[in-house]
Amino acid sequence: MDRILRAVDLPVGLLDRPDLVLPLGVHYAVLQAAARDTGHTDFGAEMGAAARIGMLGRYGSDATAAPTLGAAIRRANGTLNRMMQTDTDLVLFRLRRGARWSMVFHTRGEAGRFQNELLAIGYQLDLLRHFLGKVWSPKAIRVRDIDRARIAHLERLFRAPVRGPDRGDSPVPGIELDERCLAALNPAAGMDAPSHNAASDIMPAAADPVAGVRAAIRLELLRGRPGLDSAAARLGLSRRSLQRRLDLSGETWSALLDTELVREAQNLMASDGPIAEIADHLGYADPAHFTRAYRRWTGFSPRAHRRMLLSAAAPAPVPDQTADGCPARFRREDRQA
């Protein structure tokens, strides 16, 4: 993992921060680097074959709790952007004979894209088999045009027929199934859960241009204070394009950076790391400058705020108890009196 992350210029500290959002292009790069490093041409498919929809937290549990397969697909399609990955869409296409369930990736670039498509198919296939049975096989899994030997390998991994696109067909990969399958009932009776409430979404909105900038800043903060150039590079933009995006949204780089700096500073203050090291990590060569900035952000000095955090986390004192387990101030004889 260290080797793969370094190959795509990601900080190793990312492994300790599963809460961070990664731009889709970074997903492409990680899978492509993993395929090269392992020598497995279809690394994404091998991960997909081992993937389980339940690994995706609330997103997976909401989908698998739907009353029917059709409802599960609607939930998965409707919440993908908000809960899992922006710049993508899950779409159920109607065909002349049946349907095709596809994940459409909007981020440009080919390197690693096919690996990500294969990984997505693995999760989709597992959700379908939750409703249709572990041995169920679709009519076909459509993939980008690849050679016959690789298709045979994919068929073994996915336990399903794999085909390239039909002549004149869309190159978008996907899983083809009989439309009647959509009526399949959930085998786990009584598991129905409400559709996901947007108020608890954890992903930034795909249409929010500033959300990606915030995500890039948080990612770059793992290795120190980010600059406009490094954030732009992470998003695949030029410095000028990023600045234009911020201008159009009415935001400034310094304001966004300040917001993320105080957020990261407060996260770090909850640990027991030396304040001087926290200041250095956030790009303050002089701890006194960090103290002034922290006081401006929160109204407290770092040390005073840490004392408050420790005090709030301290367990409440346990009242003295008598032999019968009642607090001393509520002894049985007092209650009787």
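Nothing in this text is a laboratory measurement; each read-out follows from the coordinates by a stated rule. All of these numbers come straight from a predicted model, not from anything done at the bench. A quick note on method: Cβ atoms are made from the backbone with ideal geometry, for glycine too, and the neighbour counts reach across all protein chains shown.
For the reader, a short list of remarks on this structure follows.
- The modelled label-to-label distance for the pair Arg163/His40, using points 7 Å beyond Cα in the direction of Cβ, is 2.8 nm.
- Charge tally in the Cβ shell below 15 Å around Trp297, where Lys, Arg are +1 and Asp, Glu are -1, Trp297 excluded: +4
- Net charge, Arg239 excluded, C-beta distance under 13 Å - Lys, Arg +1, Asp, Glu -1: +2
- Segment Ala149-Val172, length gained on full extension (0.36 nm per residue, minus Cα span): 6.2 nm
- Calculated FRET value between Ala50 and Phe300, using beta carbons and R₀ = 56 Å, to 0.05: 0.75
- A simple rule links phi to the HN-Hα coupling: the Karplus curve 6.51 cos²θ - 1.76 cosθ + 1.60 with θ = phi - 60°, which for segment 58-75 gives 4, 4, x, 5, 4, 5, 6, 9, 5, x, 9, 5, x, 5, 5, 5, 4, 5 Hz, with x for Gly and Pro.
- Site pair Arg97 and Thr259 shows an inter-label distance of 5.3 nm when each label is modelled 7 Å from Cα along Cα→Cβ.
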